[in-house]
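Coordinate-derived values only; no laboratory data. It should be emphasised that the depicted structure is a prediction, and the values quoted were computed from it without experimental measurement. Because the Cβ atoms are built from the backbone with ideal geometry, glycine has one as well, and the counts that use them run over all protein chains shown.
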Amino acid sequence: MNKSLLPILSITAALILVGCNSANQPQNTQLSENQQSPLSQQSHSDTAHTAENALDWDGIYQGTLPCADCPGIKTVLTLHADKTYKLEETYLERNVQPIITEGTFQFDKNQSSIITLDSASQNRKFFIGENFANALDLEGNPITGALQQYYKLNKVQ
């Protein structure tokens, strides 16, 4: 009985080895021009996660920004999905009307989390994060120093 099992076991082992060996052989995965991979058809910008396409950035942001000669500037920045904005600034403890500026903005091509308001708002820049907007300096750099934490507007709606 042992002699009859030996040929069967040998054939089975040979088949397993041949099967494993052919599984390791590289297959021809080259696609013809008409059979492009769906991934290769997408552009890089479609798959890159940016603030513009990955965050729910449209809405109302508010906070009190520092002021050199007053307790602060109550700031409300409304960003619309059509890339228009409304910026309302109220100087605290001053008897003046709020300054309201409206216009358009754009996302920076090189730093996709930064928006630049149009010239009506002196091209001011903001870093857009998850449920917040940080005011930046005119070059688009974060404001540093003792007051840096006060340049944050929180999303309220």
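Values as computed for the structure displayed
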item: Formal net charge of residues neighbouring His80 (Cβ-Cβ distance under 15 Å; K, R +1; D, E -1); result: -4
item: Positive minus negative residues near Val156 (Lys, Arg vs Asp, Glu; Cβ under 15 Å); result: 0
item: Coil-residue trypsin sites (Lys or Arg not before Pro) of the stretch 86-157, DSSP, other Cβ within 10 Å capped at 14; result: Arg94, Lys109
